[in-house]
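Please read the structure below before turning to the comments.
The values are calculated or read from the model by the stated rules, or taken from the named source; none is laboratory data. Quantities reported herein were computed from a predicted structural model and do not represent experimental measurements. Each accessible area value is taken on the protein alone, full model and side chains, heavy atoms only, with ligands, DNA and RNA left out. Shrake-Rupley method; radii C 1.70, N 1.55, O 1.52, S 1.80 Å.
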Amino acid sequence: MQKIRQGDDVMVITGKDKGKRGTVLKVVDADHVVVENINIARKHQKANPQAGEPGGIIDKAMPIHVSNVALYNPQKGGADRVGFKVLEDGRKVRVFKSNGEVADV
């Protein structure tokens, strides 16, 4: 089970985008995620007339390592570490370390 999943609201805790919040768009592999409006790079893209894509310089969200992001805790109002807990009904859920609240909805 992963601590950061697609659709999670995360906050960047280190790097050039430190303090910014965004939603995880894609989990690239076990160690990298793509977050909206975070780690934006300018890419020179060649035109592809068959696909109808124009050429030029585009902004593209690049992957960021999961150790550089943390799950956003709305009760705390900031980033928080995540742990796991097994409920009485046998489900394994993610919980915030600071207050023990269940992160999964």
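Some points to look at:
- Set K43/K97; K60/K97; K26/K97; K18/K46; K26/K46; K26/K76 screened for pairs whose C-alpha atoms are more than 29 Å apart: K43/K97; K60/K97; K18/K46
- Value in Å of the Kirkwood radius, where the range 8-76 supplies the Cα pairs that are averaged: 13.3
- Accessible surface, the range 8-76, averaged per residue in Å² (probe 1.4 Å): 65
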